[in-house]
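The values are calculated or read from the model by the stated rules, or taken from the named source; none is laboratory data. What you see is a predicted model, and the numbers here were worked out from it, not measured in a lab. Ideal geometry is used to build each Cβ from the backbone, glycine not excepted, and the neighbour counts take in all protein chains shown.
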Amino acid sequence: MILNPDSQALLLLCSHLALSSSLEYSPLSLRDWNPLAKKLQSLSIRPATLLGLNTEELKELLGIPEEVSERIARLLQRSGSLAIELERLESLGIHVLTRADADYPVRYKQRLKDAAPTILFYAGEKALLGQPGIAVVGSRHLEEAGQVCAEFVGSACGLSGLVLYTGGAKGVDSLSMNAALAARGTAVGVLADSLEKAIRDPQKRAAVSRGDLCLVTPYSPSAPFSVGAAMGRNKLIYTLADFAIVVASDVEKGGTWAGATEALKEKWVPVFVLDYPQMPEGNILLIKKGAFKFPHPFPGSYHQLKTWLESHSADTESEPLQPSLF
Amino acid sequence: MRIKDHTLQLLHQMIGQDKDFRPGQWEAIEAVAVKKQRALVVQRTGWGKSLVYFLATKLLREQGSGPTVLISPLLSLMRNQIEMAAKIGIRAFTINSANKEEWAAIEETLAKDECDLMLISPERLNSEHFIKKILPQISGRIGLFVVDEAHCISDWGHDFRPDYRRIVRLVQMLPKGVPVLGTTATANDRVVKDVQAQFGPGLSVYRGRLARESLRLQNIRLSNQSERLAWLAENLPKFKGSGIIYCLTVADTERVAGWLKQKGFSAEAYHAGDDGNMDRPALEQAFLNNEIKILVATIALGMGFDKPDIEFVIHFQRPGSVVAYYQQVGRAGRAVEKSYGILLSGAEDDEIQNYFIESAFPSTQVFQDILQELEKSEGLSLYEILARVNTSKSMAEKALKILEVDGAVGQTFDKKALYFRTPNLWVPETDRINRVLDLRRSELAQMQTYVDHPDCLMKFLLEALDDPNPVACGRCANCRGRGLPTSVSQELVIEAENFLKNDQIYLGPRKQWPVGLFPDQKRSIPLEYQNAVGRTLCDYGDAGWGKLVQSGKYQEGSFGDELVKASVHVIRNRWQPDPFPAWVTAIPSTRHPNLVPDFALRLAEALQIPFCPVLHRTKEAPEQKTMQNSAMQARNVIGTIGIDEIIPHGPVLLVDDIIDSGWTLTMAGYLLRKNGSGLVYPFALARATARNGNT
């Protein structure tokens, strides 16, 4: 695979690829990387310039402490094994995008700024990431109204040329995704755990091969499920979309609640919450916190969904921001 | 100069004070260890390529470089060499599937920089464990990267291996300053150019002369197997030392070894057939110690086997290419003054070679069937694939290996080894495959020309291998105008013919149903329903009875009385089953309803026991030979054989004409035992052998 040298440097510095967990140094976290990125930018240095430099040279060039430059030098040393690991991932159909790639989703940089993940792993059509679309979130266990809503939004996206954004998990995610794909539409699944495993599912794999589905994750492609990761990826679903619809939420617990309250606070996109007489407690509270009501059943046809969402959230417009370089 | 002297001292430590560099050895060491270049060394086996990478490793380590990574398909054969390297303090470790319990310790050794040389097989390069645990320890510090058997990376190499494509990508991605050393014994110009193209510019080639000064070549054409067996018996006593007789098939090695033993020679068969039950290391050791004088081997006795005092290499059948032939015959005479390379060739050679060529690659259909099955699931084991796709196990393995390297299929080891489809697109590489097959056919044609070549035989081989300086040897039978006799005594030929006719071929019982056939049942067949050990009269298509079976089945439509007589002879005099069968029954067929029962009836009369046709076909099944693996074969039999309600008691002789998979006999035997018969003795006229290929 052809990597641009800046991306190669970012992968070496910020990913766990080809790193043994038994080693004493770890890759740079976002908190480590962001100040370094700012420094590079202020010195007009591309990340690729760092490749091949030793501890002394790094220390001098960047004016950083010895232990940091040593850690960076060691991370940069593993280009050979990184190449082998990337080769293995490619052969499984898994590719990478870094903040230094032109194809990296602009919406992440605009909306998340420093919190935009340095590295994304994906399978399928990357052009889908950030195209106009609707995010659907909600817990795995749904009442009938929730199921109907999930399938309705999925079908509506498929039939009106919008990308459906979900977490790629069971319940709401798979119901809406299957509906979108069945309508010959497209979907994006932002995964919190093993991408390697997800693309073994025959249905997902077929959609990925057709280019109708893109599965993407900021975590290692073989990562097991973890609650922290599930929480951390919520914002990556909201920030790709134009609108978000919360189908069902618990109160003060669970990923849906945390993600929705964060989205309401950050105002990345208009957040709608499914509204019906027996709705879960969480839905009621999210509406109180300022979410828009999404009626059940929806008072219109599939094709009217987008216009309806636009007209019912007209007063909020998130302002565009100048994205950082890498 | 100082470094060279120092290196020479190291060489003395390794192989003895009186030794010096062979021409080319120092140059190759200097290229990688001093100049840090990328080099390809083309030298005949036994020249000392391992000395080059061991000494280069030592020099590089002394300069503070990281460990050497050596990729070789022949790890098991390198034990002696590793011991030799230890003499100059090189600490070498192997990572392979057989030493999992040592991996953790090896990782630690690497972390402490106490490993000088890491040996790995090409397959390991793609294993997750290697990438995640081992590689990070040496990454960025590889001192020297060695690719053994480097011709394997070329499509034009004689044993192209898909795994080597990964090595190429790896070499291309290695940082600039890392020296790379490729080694091979057999690479013609075309292969060298290809390796150069793939390893990138700046690869210097060190090429030595291939000629073996002690080798006397001779070609002898004897079309019948019996004539060639007779020739062996007549001429082998002329050799004092030990030697190898190469055959193309497993069955031939067994037969030739059997004949030689009968004639009083110290000979053993050596092959990878027989489900790998043969203790090959023990045979190798006994041969090395000259406790066995003659090893009758397939190509399983392959690259890396090094016995210096082999006096002769005789080919019972003709190999498929000059490269393969030269590699095999080159095992003779490494450290003896006079050695002999005799190529016998016969009528069956082309048939076998064409079969090898045709079965070299799986068909497009097999690739597509496998992908189709994988696309329906999250992952299948090899056996689950075999239960769904009609292809042999080895073909399926070949196809999966290629699909894996192509990125269409991945492998996971969660609980068991599973293959799964990746989202990557896959198109069959028909052009590439056809190109390789064309190459094999032209190599075969070259070998056919060699057999009848009137001039110097060594020069022919050297020219074919692009030796830099091919000259007439003055030693081969053509140069000298004389050699070993090319005719044989008629008496011995008749004896060999009788041997072939009396050769007993055992029919072992199947003990387990194929994996995946009855998913909800135990796999093992209860002992009381298994067949007894049976016999077949011959191998199908053999010079002995084989031809008669063939013409009986497909031309005359009846098996002659000669075959009845021969069968009675084998059963009564050689086999002597005890207790003797009380009745005879036959495998039914809808395609040839009378053929086998008619034969079985005459056989029963001759044995003076009753014939009772209690088995019948319930429906037409495709011919068993069209079924390519155990699961398919067994499934093809199930439900197509029925049995009478009341059958005679007592042991029964179960007769069939040509056995293929053995599943028909296994199933019929199972039914007979379940319905109250005694022991079931299977007997078949011939055994189909094509699938016992070149292992």
Out of everything in segment B:92-103 that is in contact with a Lys or Arg (Cβ under 9 Å, 6 or more places away or on another chain) and either within 14 Å of chain A (Cβ to nearest Cβ) or not in a loop (DSSP other than H, G, I, E, B) (or both), what residue ends up being nearest to B:THR57 (Cα to Cα)?
B:ILE95
So which residues in segment B:494-519 are modelled with pLDDT of 75 or more, surrounded by fewer than 19 Cβ atoms within 10 Å (Cβ to Cβ) and more than 21 Å from B:TYR681 (Cα to Cα)?
B:ILE494, B:GLU495, B:GLU497, B:ASN498
Criterion violated by B:ALA360 - all others in (1) surrounded by fewer than 22 Cβ atoms within 10 Å (Cβ to Cβ); (2) in a loop (DSSP other than H, G, I, E, B); (3) away from every other protein chain (no Cβ under 14 Å); (4) in contact with a Lys or Arg (Cβ under 6 Å, 6 or more places away or on another chain) satisfied
(4)
Kindly provide the set of residues from segment B:395-404 that are in contact (Cβ under 8 Å) with a residue 24 or more places away in the chain and surrounded by fewer than 18 Cβ atoms within 10 Å (Cβ to Cβ), ordered by number.
B:LYS401
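Being away from chain A (no Cβ under 14 Å) and out of contact with any His (no Cβ under 8 Å at 6 or more places or on another chain) narrows it down to one residue among B:LEU400, B:LEU386; which is it? Lay out the reasoning, then the answer.
Numbers: B:LEU400 fails: away from chain A (no Cβ under 14 Å).
From the options B:LEU400, B:LEU386, the qualifying one is B:LEU386.
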The conditions are (1) surrounded by fewer than 19 Cβ atoms within 10 Å (Cβ to Cβ); (2) touching a Ser or Thr at 6+ places or on another chain (Cβ under 9 Å), and A:GLU143 fails exactly one of them. Which is it?
(2)
Segment A:248-267 residues that are on the phi > 0 side of the Ramachandran plot, paired with ones that are of a type in the set (Ser, Thr, Tyr) (beta carbon under 8 Å, 6 or more apart)
A:GLY254/A:SER139; A:LYS267/A:THR316; A:LYS267/A:SER318
If you go through segment B:42-91 one residue at a time, how many are among the aliphatic types (A, V, I, L, M), assigned to a loop (DSSP other than H, G, I, E, B) and surrounded by 16 or more Cβ atoms within 10 Å (Cβ to Cβ)?
2
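Taking the stated definitions as given, is A:LEU89 assigned to a strand (DSSP E or B) and of a type outside the set (Phe, Trp, Tyr)? It would help to see each step written out before you state the result.
Numbers: assigned to a strand (DSSP E or B): no; of a type outside the set (Phe, Trp, Tyr): yes.
The answer is no for A:LEU89.
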For B:GLN372, the lone unmet condition from (1) within 22 Å of the chain's Cα centre (by Cα); (2) of a type in the set (S, T, N, Q); (3) within 14 Å of chain A (Cβ to nearest Cβ) is (1)
Would you mention how many residues in segment A:141-167 are farther than 19 Å from A:TRP308 by Cβ, within 19 Å of the chain's Cα centre (by Cα) and assigned to a loop (DSSP other than H, G, I, E, B)?
1
For segment B:162-177, name all the residues that are in contact (Cβ under 8 Å) with a residue 40 or more places away in the chain and within 9 Å of chain A (Cβ to nearest Cβ).
B:ARG166, B:LEU170
Scan (1) within 29 Å of A:LYS59 (Cβ to Cβ); (2) within 14 Å of chain B (Cβ to nearest Cβ); (3) assigned to a strand (DSSP E or B) for the single condition A:VAL96 breaks and write down its number.
(2)
Scan of segment B:108-129 for residues that are within 9 Å of another protein chain (Cβ to nearest Cβ) and surrounded by 20 or more Cβ atoms within 10 Å (Cβ to Cβ), ordered by number:
B:LEU125
Quick count over segment B:403-441, residues being in contact with a helix residue (DSSP H, G or I) (Cβ under 8 Å, 6 or more places away or on another chain), in a helix (DSSP H, G or I) and either more than 14 Å from chain A (Cβ to nearest Cβ) or farther than 24 Å from A:GLY124 by Cβ (or both), is 4
Among (1) touching a helix residue (DSSP H, G or I) at 6+ places or on another chain (Cβ under 9 Å); (2) aliphatic (A, V, I, L, M); (3) part of a loop (DSSP other than H, G, I, E, B), B:ILE609 falls short only on (1)
When the residues of segment A:176-233 are narrowed to those that are among the β-branched types (Val, Ile, Thr) and within 26 Å of A:SER15 (Cα to Cα), which ends up surrounded by the most Cβ atoms within 10 Å (Cβ to Cβ)?
A:VAL188
Please tell me if A:GLU125 is without any contact (Cβ under 8 Å) to a residue 12 or more places away in the chain, more than 20 Å from A:ASN34 (Cβ to Cβ) and more than 10 Å from every other protein chain (Cβ to nearest Cβ).
no
Expected single match for modelled with pLDDT of 85 or more, assigned to a loop (DSSP other than H, G, I, E, B) and not assigned by TED's automatic domain parsing to the domain that holds B:ALA399 among B:ASP159, B:ASP155, B:ASP113 is B:ASP113
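Out of the strands (runs of 3 or more DSSP E) lying entirely within segment A:185-286, which hold 3 or more residues that are in contact with a Phe, Trp or Tyr (Cβ under 7 Å, 6 or more places away or on another chain) and away from chain B (no Cβ under 13 Å)?
Details: elements: A:186-190, A:213-217, A:243-246, A:271-275.
In segment A:185-286, the matching strands (runs of 3 or more DSSP E) lie at A:243-246, A:271-275.
Suppose we filter B:LEU301, B:LEU222, B:LEU232, B:LEU215 for residues that are touching a Lys or Arg at 6+ places or on another chain (Cβ under 6 Å), surrounded by 19 or more Cβ atoms within 10 Å (Cβ to Cβ) and touching a residue at least 24 places away in the same chain (Cβ under 8 Å); which single one remains? It would help to see each step written out before you state the result.
On the way: B:LEU301 fails: touching a Lys or Arg at 6+ places or on another chain (Cβ under 6 Å); B:LEU232 fails: touching a Lys or Arg at 6+ places or on another chain (Cβ under 6 Å); B:LEU215 fails: touching a Lys or Arg at 6+ places or on another chain (Cβ under 6 Å).
The unique qualifying residue is B:LEU222.
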Can you confirm whether segment A:207-217 contains a residue that is in contact with a Lys or Arg (Cβ under 9 Å, 6 or more places away or on another chain), closer than 28 Å to A:GLU144 by Cβ and charged (D, E, K, R)?
yes
Hits in segment B:134-149 (condition: touching a Ser or Thr at 6+ places or on another chain (Cβ under 6 Å) and within 14 Å of another protein chain (Cβ to nearest Cβ))
B:LEU135, B:PRO136, B:SER139, B:GLY143, B:LEU144
